[in-house]
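The values are calculated or read from the model by the stated rules, or taken from the named source; none is laboratory data. Just so it is clear, the structure is predicted and the values come from calculations on it, not from any experiment. Positions of Cβ are generated from backbone atoms using ideal geometry, with glycine treated the same way; all protein chains shown enter the neighbour counts.
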Amino acid sequence: MNLSSKLPHIGTTIFTVMSKLATDCGAMNLSQGFPNFDASPRLMELVSYYLRHGFNQYAPMAGVPALREAIAQKTSDLYGVSYHPDTEVTVVSGATEALYAAITAVVHPGDEVLLFEPCYDSYAPAVELNGGVPVYVTLSPLSARGYRIDWAVAKSKISAKTKLIILNTPHNPTGVTLTRADLDALAELVRGTDIVLIGDEVYEHIIFDGRAHHSLLTHTELRERSFVCGSFGKTFHVTGWKIGYCLAPAALTTEFRKIHQWLTFSTITPIQYALADFLKEPQNYLDVPNFYQQKRDTFLSYLQHSRFSYTPAEGSFFQTASYKTITDEPDYDLAIRLTHEIGVASIPVSVFYHQRDDHRILRFCFAKDDDTLRRAAERLCAL
């Protein structure tokens, strides 16, 4: 069979590679972004209730009404913004599906899509599968602004073919967050154009040191042209459930659902009902920032006597750390070696750049129990 690959330059995702290597080596997995602790017992009880009481058939394509209403209410409570649960809120099988559906809904062959790298590795393949052309704005820790966006550079990348801009805040892998000034600069950039925006905001509740989450939906000009993607898996420590949502104006949601219905059609029913009940108590998500800030601070307190250098993450599950004073090895090689030799798996940040820019930085996931963080840091400090 002569099969022509639609993604000939794409291999297996780094998350699969490193997680498998961690398992094979018996290493502590600080690579892939998933917690190694369980969710709230109350949430588990709710899921069990709905599993046992007949809520096990197809959910409506757009999501269980009770959950869409709960998402709309949460959004209103947190940001003072109204989304209609029937026409502007869609429940999906994970935020990666939401991203793919949103990209597919608007990108046509030849359209350009602005990506800020380092970026999550699903963006560019989804663009390419739809015939789009990724255009990169490269952020470097070595620049005067660090990983902050230089909006003058972003403006220089805009052309008549630009259809879409994808932003991620809090950011994976760097842990940096967007500011209100960033949103204003973005609004100026797209004003008077038909450019659509996607906000990958799966870590919206995992933000630290009293910072506000500056979502695209909080900016009036941006909201009207934005898909905003969220994740219950990240917020409630249940990444294996693969359940998220997308908020967008009615016209964008209509196009989004046209794609969603052919990807997964609907999302697991009993968990939707459980989450709808769980969201009725706002403290269940309002406590999340402090919970993960303690995880970040615990990991960094153990790592402070190491030879790694770092700036504390502003949000997300992740802490990046430079190893320049330890070795000159390429980051991919070092990540593999440390998994084998000291039993700690990480992610080399170069994989998030399309040209594999290597600044000698590794990404560690601190969404782990304290004992795992302590033992992993002890081994890293011994380098």
Qualifying position, being among the hydroxyl-bearing types (Ser, Thr, Tyr) and surrounded by fewer than 20 Cβ atoms within 10 Å (Cβ to Cβ), among Thr253, Thr218 = Thr218
Check segment 247-265 and report whether any residue there is part of a helix (DSSP H, G or I) and in contact with a His (Cβ under 8 Å, 6 or more places away or on another chain).
-> yes
When you go through (1) farther than 30 Å from His9 by Cα; (2) surrounded by fewer than 18 Cβ atoms within 10 Å (Cβ to Cβ); (3) touching a residue at least 24 places away in the same chain (Cβ under 8 Å); (4) aromatic (Phe, Trp, Tyr) one by one for Phe291, which number turns out not to apply?
-> (3)
Residues (within 15 Å of the chain's Cα centre (by Cα) and of a type in the set (Gly, Ala, Ser)) located in segment 102-125 | Ala102, Ser122, Ala124
From Leu178, Leu183, Leu189, grab the single residue that is within 19 Å of Glu112 (Cβ to Cβ), outside the structural domain of Pro312 (by TED's automatic domain parsing) and of a type outside the set (Ser, Thr, Tyr).
-> Leu189
Criterion: surrounded by fewer than 19 Cβ atoms within 10 Å (Cβ to Cβ), of a type in the set (A, V, I, L, M, F, W, C) and in contact (Cβ under 8 Å) with a residue 60 or more places away in the chain - qualifying residue of Phe265, Phe317, Phe299, Phe278 | Phe265
Do any helices (runs of 4 or more DSSP H) entirely within segment 179-240 hold 1 or more residues that are in contact (Cβ under 8 Å) with a residue 60 or more places away in the chain, and if so, which?
-> 220-223, 232-235
Meets criteria (of a type in the set (S, T, N, Q) and closer than 23 Å to Ala367 by Cα) for Thr218 | no
Identify all residues within segment 356-383 that are free of Cβ contacts under 8 Å to residues at least 40 places away in the same chain and in a loop (DSSP other than H, G, I, E, B); write none if there are none.
-> Arg356, Asp358, Arg360
Need at least 1 residues that are outside the structural domain of Asn130 (by TED's automatic domain parsing) and within 28 Å of Ser122 (Cα to Cα) per element, so show me which helices (runs of 4 or more DSSP H) inside segment 4-84 make the cut, counting only ones lying wholly within it.
-> 14-25
Residues satisfying the stated conditions in segment 242-262, i.e. without any contact (Cβ under 8 Å) to a residue 60 or more places away in the chain and aliphatic (A, V, I, L, M) | Ala251
Residue tally, condition among the small types (Gly, Ala, Ser), free of Cβ contacts under 8 Å to residues at least 40 places away in the same chain and either surrounded by 18 or more Cβ atoms within 10 Å (Cβ to Cβ) or assigned to a helix (DSSP H, G or I) (or both), over segment 105-144 | 2
Going by the structure shown, is Val202 closer than 23 Å to Gly146 by Cβ, of a type in the set (A, V, I, L, M, F, W, C) and either in contact with a strand residue (DSSP E or B) (Cβ under 6 Å, 6 or more places away or on another chain) or modelled with pLDDT of 95 or more (or both)?
-> yes
Does segment 88-98 include one or more residues that are more than 21 Å from the chain's Cα centre (by Cα), of a type in the set (Val, Ile, Thr) and at pLDDT 95 or above?
-> no
